[in-house]
């Protein structure tokens, strides 16, 4: 019998053995089995890992998704797109997470369709995945997701739009600075800084007075990215703001934004003198 035939049988046996460990009662054992399956290529390994995407433990789901991504773009894409249509919301959400890690633009249309899922966990995971893929085709669907009934989904959509950086998202993101959820307002402020559209300046100025310190911090940062010297008086009002975000005071973000705007202004003046 050919040696490669024996090898195939051994690989199949190893996949079957590891797949059984994915049913173990200990989450750590299931995690280790998902990791080990990454060292054993083959369709059966993919099938076992897809099943693990629905595991009750988030670390096991994450490891299964990561291992699927490491199988290779073509093989992982097909398996994950199939899992995205599963009846199990956990498996669909985990598949979306993995598709985001994979970053293959062929997943954009199926992910956009999944934004209409009844499961908020699926919608949130899909929004984050679309941000990681970074394709502008997703922008209209993500703008619509800014109106989702669940704050975490709106936040995910805002963050995704910031990563994509398409100017058409500026006005919808600016409206989210009045969202009832501080989580959404924070993400919308940061996203507006990433889109770098001056039309966002008026709403960012207003956000400097938000009751949530993180919103003020992100609004100051965003103005540092898109603002000009006319925004300096608004930022200077925050120089006595001692509220801290991750041990960094709001006034520090305002000072950095002021410095950034001044440097940008000096650079513009320098270019004008050079042209003269």
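The values are calculated or read from the model by the stated rules, or taken from the named source; none is laboratory data. All values reported here derive from a predicted model rather than from experimental measurement. Cβ: placed from backbone, ideal geometry, glycine included. Neighbour counts: every protein chain shown.
Taking only region 25-55 into account, find how many residues are part of a loop (DSSP other than H, G, I, E, B) and surrounded by 14 or more Cβ atoms within 10 Å (Cβ to Cβ).
The qualifying residues number 7.
Among the helices (runs of 4 or more DSSP H) lying completely within region 56-166, list those that include at least 1 residues that are over 13 Å from the mean Cα position of the chain (by Cα), modelled with pLDDT of 95 or more and surrounded by fewer than 24 Cβ atoms within 10 Å (Cβ to Cβ).
108-114, 120-133, 139-145, 151-164
Could you check residue 217 against (1) at pLDDT below 95; (2) under 20 Å from residue 252 (Cβ atoms) and say which number it fails?
(1)
Do we have residue 232 as in a loop (DSSP other than H, G, I, E, B) and surrounded by 13 or more Cβ atoms within 10 Å (Cβ to Cβ) here?
So residue 232 does not fit the description; no.
Quick check on this structure: which one of 174, 207 is crowded, with 24+ Cβ neighbours inside 10 Å and free of Cβ contacts under 8 Å to residues at least 40 places away in the same chain?
After ruling out the rest, the residue left standing is 207.
Kindly list the number of the only condition in (1) over 21 Å from the mean Cα position of the chain (by Cα); (2) assigned to a helix (DSSP H, G or I); (3) over 23 Å from residue 149 (Cβ atoms) that fails for residue 193.
It is condition (1) that residue 193 fails.
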